[in-house]
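The values are calculated or read from the model by the stated rules, or taken from the named source; none is laboratory data. Just so it is clear, the model here is predicted, and its values are computed rather than measured. As a convention, Cβ positions derive from the backbone with ideal geometry for all residues, glycine included, and neighbour counts pool all protein chains shown. Surface accessibility is based on the protein's heavy atoms, side chains included, excluding ligands, DNA and RNA. Shrake-Rupley method; radii C 1.70, N 1.55, O 1.52, S 1.80 Å.
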Amino acid sequence: MSAVWGTVASTARRGYLGAAMTETLPADEAGIARAAAVLRRGGLVAFGTETVYGLGADATNAQAVAGIFAAKGRPRFNPLICHYRDAGAAFAHVVAHDAARRLADALWPGPLTLVLPRQADCPVALLTGAGLDTLAVRVPACATALALLRAVERPVAAPSANRSGRISPTDAAHVLTELEGRIDAVLDSGACTVGVESTVLDLSGSQPVFLRPGGVTMEAVEALIGPIARGVGEGGAVRSPGMLRSHYAPGLPVRLDAHDVRADEALLAFGPGLGGAAVVFNLSEGGDLAEAAARLFQGLRWLDAEATRRGLARIAAMPVPDTGLGAAINDRLRRAAAPREE
Ligand code: TXA
Ligand code: MG
């Protein structure tokens, strides 16, 4: 346990200090093998896809995924796309119905991302999907990316490899401009052929919804599964993930900035806990923000279930510093605490 934390915490910390070297790896057998080894031990590797370069981490390793958010300087935990070697591997982790299979048969590998319900035994870390019950999956078309995914033998979580709020990189030099010193390596497969991100289609509800226009046209999707309602605004789409009905919020109310814990509350602790709570989940006893990020969604789910089972009324959340990954943790806690809309 502590060895794992050592690696991951140092990856995340290095992100802030910007001190370490980022290796550039060639897209040959040795480069791909090295990139895969770095990913398997919890490191961060940017790699080219046909759309844009992604910043990859082992999707089953929450601490590694926390490192992505730290490196990007993301102020919130957006759900990330999970990249798979083929449709069979993807559909082992999400529940695919007919329409999903038809789209995958025709358009994968390629720039289409499908949002589907997680399988009950899905090993992908909750942080990867920002705590949602759904997961975005895609099989990229770039040969180097596919070779990397085969070598890693695990799903790879990857947002675009830019700093938060900047444009997506389409070659290895762009990635270095954005993230040099903040990530372990970039696997250089040359310029991306598509150059815009994948189309994101939510198939998890009763009706399909386009969440983002992208590399596969909406018409190509509709030709396979029939007409799809477009959201408001021109060019179709877009509902932000924060507004999706499925966005996870605990069933119990959350009280923020708790410096004490009341008799009817369960405690989400950070650092040295507070006495007096019967039900406690500590995000990080040592006050490590990367550890806390990795455990946040797991902790909220566990507390919600356990506190409900014991008849408690509320989750009290201790304050978390608002620096680095703390900003994303606090964003998520504020959303969890916000009054519900129906
Ligand atoms: O082309 C691409 O899609 C690139 C390459 C690297 O694959 N990746 C990419 O990732 O653009 P990112 O994180 O920049 O954008 C992912 C989009 C976001 O808009 C996110 O909200 C949405 O996918 N998304 C991911 N998981 C979701 C989920 N479970 N439900 C709804 N939206 C989701
Ligand atoms: Mg992006």
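Given a Förster distance of 30 Å, report the FRET efficiency between E285 and R163 from their Cβ-Cβ distance, rounded to the nearest 0.05.
Efficiency, rounded to the nearest 0.05: 0.50.
Take the solvent-accessible surface of the protein heavy atoms, probe 1.4 Å, and return the percent of it on segment 254-337 that carbon and sulfur atoms account for.
Carbon and sulfur atoms account for 50 percent of the accessible area of segment 254-337.
The simple spin-label model puts a point 7 Å past each Cα toward its Cβ; for I228 and V196 those points are separated by 1.4 nm.
Rolling a 1.4 Å probe across the protein heavy atoms gives the chain an accessible surface of 41 Å² per residue.
For the chain, the relative contact order works out to 21 percent when only alpha carbon pairs closer than 8 Å and six or more residues apart are counted.
The ratio of the alpha-carbon radius of gyration of the chain to the globular-protein estimate 2.2 N^0.38 Å is 0.99.
The solvent-accessible area of E153, taken with every protein chain present and a 1.4 Å probe, is close to 130 Å².
Here the Karplus relation 6.51 cos²θ - 1.76 cosθ + 1.60, evaluated at θ = phi - 60°, turns the backbone of segment 319-324 into coupling constants of x, 10, x, 8, 9, x Hz, with x for every Gly and Pro.
In this view, the solvent-accessible surface of T217, computed with a 1.4 Å probe and all protein chains in place, comes to about 80 Å². The antiparallel fraction among DSSP beta bridges confined to the chain stands at about 40%. Sorted on the mean count of surrounding Cβ atoms within 10 Å across their residues, most packed first, peptides 307-319, 42-54, 104-116 read 42-54, 104-116, 307-319. Compared with the alpha-carbon gap, the fully stretched path from A92 to R262 is longer by 56.9 nm at 0.36 nm per residue.
Projecting the alpha carbon convex hull of segment 74-162 along each direction and taking the average yields 5.8 nm².
Is segment 254-337 best put as rounded, prolate or oblate by its Cα gyration tensor, with a ≥ b ≥ c the root eigenvalues, rounded for a/c under 1.5, and otherwise prolate when a/b is larger than b/c, oblate when not? Prolate is the answer for segment 254-337, as a/c is 1.5 or above and a/b outweighs b/c.
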